[in-house]
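J.: Questions regarding the structure given below will be posed in turn.
The values are calculated or read from the model by the stated rules, or taken from the named source; none is laboratory data. The structure displayed is predicted, hence computed values, not measured ones. Cβ atoms come from the backbone with ideal geometry, glycine included; neighbour counts cover every protein chain shown.
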Amino acid sequence: MANPRIKRDLDDRLADRALEVKERASTTAPDDIARRERLDAFRDKWANSALPDLPGGIIPGMHLCWLSTTNTYDSIDKRMALGYEPVKASELGKGFEGLGKMSSGKFEGCVSCNEMVLFKLPEDIYQEVMRMLHLEDPLEHQRNITAQVRGAAEGNKGGRSHLEGGLLEMEKDTARANNKNVRFQ
């Protein structure tokens, strides 16, 4: 269970912040509101929404992602060696004719947007890789941390305080988290 004092402090700070926002909204001049709306519009304009949002399951059994032709660290060739395949515009079917297509080069006829190309990976492989990278590896790292702290606590006087609170919660969470039914988006 979380430390009740910390939770109370957090609740107090959140309540204070909510009051500040309400007061500012009630005393804000119309020019300030217009300025804030303009800033929000700029923020939205530069948000990472340049790529088309394709519905899930458009190609059954495949996970889709956009890959950059200019990224040298995470290159398309490296991804293709791992099993990723470019998506041809014809695979998406009706309703997606307006999406960009590469007109020449290595990915001619593939779906593209700026320097990005749409790729697919079988869903079962995607789920396996995500489970490894975002569940199993972090859980192993967490187990190592708790084992190190437990080892340090056993050899020192007063080490018990290291095991209270967060570390014990971490051990419990680690034990519960290895759920085989986790699905990644």
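J.: How many residues, within the range 56-79, are touching a residue at least 24 places away in the same chain (Cβ under 8 Å) and surrounded by 13 or more Cβ atoms within 10 Å (Cβ to Cβ)?
T.: Number of matching residues: 12.
J.: Six or more apart or on different chains, Cβ atoms under 8 Å: show the pairs whose first residue is in the range 102-122 and assigned by TED's automatic domain parsing to the domain that holds residue 71 and hydroxyl-bearing (Ser, Thr, Tyr) and whose second is assigned to a loop (DSSP other than H, G, I, E, B) and at pLDDT below 90.
T.: Close Cβ pairs satisfying both conditions: 112/100; 112/102.
J.: So for the range 165-175 (the condition being part of a loop (DSSP other than H, G, I, E, B), among the hydroxyl-bearing types (Ser, Thr, Tyr) and either at pLDDT below 70 or loosely packed, with under 15 Cβ neighbours inside 10 Å (or both)), does at least one residue qualify?
T.: no
J.: Okay, moving on. Looking only at residues that are among the hydrophobic types (A, V, I, L, M, F, W, C) and in contact with a Leu (Cβ under 9 Å, 6 or more places away or on another chain) in the range 81-106, which one is surrounded by the fewest Cβ atoms within 10 Å (Cβ to Cβ)?
T.: Initially, the range 81-106 is screened for residues among the hydrophobic types (A, V, I, L, M, F, W, C), giving 81-82, 87, 89, 92, 96, 99, 102.
From the residues that got through so far, the ones that are in contact with a Leu (Cβ under 9 Å, 6 or more places away or on another chain) too are 82, 87, 89, 92, 96, 99.
Values: 82: 9, 87: 25, 89: 17, 92: 17, 96: 15, 99: 15.
Checking each candidate, the answer is 82.
J.: Surrounded by 10 or more Cβ atoms within 10 Å (Cβ to Cβ) and at pLDDT 75 or above: is that true of residue 10 in this structure?
T.: No, not satisfied.
J.: Right, another one. Starting from residues that are touching a Leu at 6+ places or on another chain (Cβ under 7 Å) and part of a helix (DSSP H, G or I), keep the ones in the range 113-149 and report whichever is nearest to residue 86 (Cα to Cα). Full working, then the answer.
T.: Looking only at the range 113-149, we keep the residues that are touching a Leu at 6+ places or on another chain (Cβ under 7 Å), and these are 113, 116-120, 146, 149.
Pick out the ones that are also part of a helix (DSSP H, G or I) and you get 146, 149.
Values: 146: 42, 149: 46 Å.
The extreme case among them is 146.
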